[in-house]
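The values are calculated or read from the model by the stated rules, or taken from the named source; none is laboratory data. Bear in mind the structure is a predicted one, so any value in this text is a computation, not a measurement. Virtual Cβ from ideal backbone geometry, glycine too; neighbours counted across all protein chains shown. Note: areas computed on protein heavy atoms with side chains; ligands, DNA, RNA excluded. Shrake-Rupley method; radii C 1.70, N 1.55, O 1.52, S 1.80 Å.
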Amino acid sequence: MTTTSVPAVEFTITNDQLDTGLRGFPVGTCWTSAVDPDIGVTYVGYPISELAYMPPESVIYLVFNKRLPSEAEAKAFADDMAARSIVDPQVFEILRTLPKNGHPMDWFAVAITALGMTGGTGDYKQDALNLIARMPTALAAIFRIREGWGDLLPSDPSLGYVENFVHMLGVPGTDEDALAKLLRIYYVLHMDHGGGNLSTFTGKAVASGLADMYQSMVGAMNGLAGPRHGLANQDCFSMVKEVNSEDPVEVEQVMRDRLANGDLIFGFGHAVLRQEDPRAQVEFAVGDELYPDDHWFKVVKALRIGAVKALKENPKVSNPYPNVDLVSGSLLSAGGLSNPDYYTTLFGWSRIAGIGAQIVDEREGFRNGKGVAIYRPRFIGVNQPSRSVRD
Ligand code: MLT
């Protein structure tokens with residue numbers, strides 16, 4: 001694949017665009033996915049609504065190979081992922097030493113570092129695939145050790161990628177089939193979102209200095225850990241709990257009050273999207289199918305009506321519609337994952353595939369294999385008069 005089909009881009013930077021977080025600045029190209037303000041994300045051209053119900057392994061294959069696998073290729077890829085999935089026991093020993101009051105995203109970052117130290121090869125693609133294959137075991141260990149759910153449960157990759165994760169989690173008293181169905185869709189929905197979202201951009205920037213895949217992914221995941229990015233799914237569920245009403249009219253008023261108080265509104269709007277996020281639409285459909293009577297899911301449905309009305313009244317709001325974070329927490333909680341502190345780790349688990357594929361593309365594919373140069377944007381020095389310590 002080459003980059004010869006890049007559409008012509010004309011872009012002038014004006015002073016008022018400085019210090020705006022590079023928002024909208026063309027920086028490079030992306031082969032795995034694109035985000036259109038009106039239609040949302042597509043992976044290699046396929047709308048997310050069409051991919052959402054596919055086997056996660058096939059969608060991982062898609063972002064790495066830029067085409068969907070045949071049946072035989074899908075089976076071979078799933079077998080290969082299963083073969084790669086063995087985690088060095090030192091990773092569990094390291095996790096057991098971590099402070100329980102540390103945030104799960106910090107545990108997650110340590111787990112990636114530990115996986116790198118025990119199994120890194122130095123090859124971007126091999127490391128990306130190994131990390132994807134091993135993450136379910138490491139993440140399940142994070143849950144079980146932190147939550148005190150007992151011994152770690154042995155991996156059984158023959159179950160399937162997400163099914164094995166649900167098996168290793170062993171969430172007490174939950175319907176594992178429903179949780180696996182939910183997490184398969186959740187995994188595909190969160191996998192990739194263009195090249196410029198903070199975690200992806202950060203991961204690629206770190207990799208451009210030729211840090212390895214694991215080091216780069218830790219940078220990416222620490223970007224995801226902030227409330228303006230991945231942690232918004234945790235904060236959104238706290239907001240849903242505060243709203244705590246299934247009545248759209250009541251919810252509309254609560255949201256008006258929050259807006260008047262200057263409180264943050266999570267789960268609505270987006271840096272790029274200008275319509276309802278198609279990932280949220282899939283999640284609403286999944287909730288209707290799996291957990292229609294769940295109270296928090298009903299609150300989220302009321303928000304879809306009431307909050308949108310309240311947000312539309314505010315001329316400063318460019319997108320008053322739900323994004324992927326609005327619904328995900330209520331579904332995870334209905335599925336038995338009731339502690340929202342873990343929600344961003346689940347997002348990160350999935351996003352590792354998209355970021356991993358993008359790093360491989362940038363390091364090994366772009367510029368005819370030469371790779372993207374080390375990231376070095378220009379910052380304009382201000383308030384720096386010429387002076388000398390000798391004066
Ligand atoms: C998302 O999945 O919506 C993001 O990673 C945020 C973004 O696209 O900037």
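At-a-glance table
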item: Test: G226 is within 16 Å of the ligand (Cβ to nearest atom), more than 17 Å from T344 (Cα to Cα) and surrounded by fewer than 19 Cβ atoms within 10 Å (Cβ to Cβ); result: no
item: Long-range neighbours under 6 Å by Cβ, at least six apart or interchain, first residue open to solvent by 40 Å² or more (accessible area, probe 1.4 Å) within segment 189-210, second within 11 Å of the ligand (Cβ to nearest atom) and modelled with pLDDT of 95 or more; result: L198/G223; L198/H229
item: Unique match (being in contact with a Cys (Cβ under 8 Å, 6 or more places away or on another chain) and on the phi > 0 side of the Ramachandran plot) among G173, G194; result: G194
item: For D288: the one exception among (1) surrounded by 17 or more Cβ atoms within 10 Å (Cβ to Cβ); (2) within 27 Å of Y53 (Cβ to Cβ); (3) of a type in the set (D, E); result: (1)
item: So F297, is it open to solvent by less than 60 Å² (accessible area, probe 1.4 Å), away from the ligand (no atom under 16 Å from the Cβ) and more than 30 Å from Q253 (Cα to Cα); result: no
item: Matching entry among K301, K316 (being over 28 Å from I185 (Cβ atoms) and of a type in the set (D, E, K, R)); result: K316
item: Qualifying residue in segment 244-263 (condition: within 16 Å of the ligand (Cβ to nearest atom) and either open to solvent by 40 Å² or more (accessible area, probe 1.4 Å) or at pLDDT below 95 (or both)); result: no
item: Subset of segment 285-312 [of a type in the set (D, E, K, R) and touching an Asp or Glu at 6+ places or on another chain (Cβ under 7 Å)]; result: K298, K309
item: Evaluation of R67 against (1) over 23 Å from K125 (Cβ atoms); (2) assigned to a loop (DSSP other than H, G, I, E, B) (one fails), failing number; result: (1)
item: Flag if A138 is under 29 Å from K100 (Cβ atoms), assigned to a helix (DSSP H, G or I), open to solvent by less than 20 Å² (accessible area, probe 1.4 Å) and without any contact (Cβ under 8 Å) to a residue 60 or more places away in the chain; result: yes
item: Residue check for F64: touching a residue at least 60 places away in the same chain (Cβ under 8 Å) and under 27 Å from R367 (Cβ atoms); result: yes
item: Given (1) among the β-branched types (V, I, T); (2) open to solvent by 10 Å² or more (accessible area, probe 1.4 Å); (3) within 12 Å of the ligand (Cβ to nearest atom), index of the condition V317 fails; result: (3)
item: Which listed residue, of L51, L62, L95, L68, is surrounded by 10 or more Cβ atoms within 10 Å (Cβ to Cβ), modelled with pLDDT of 95 or more and over 25 Å from V188 (Cα atoms); result: L95
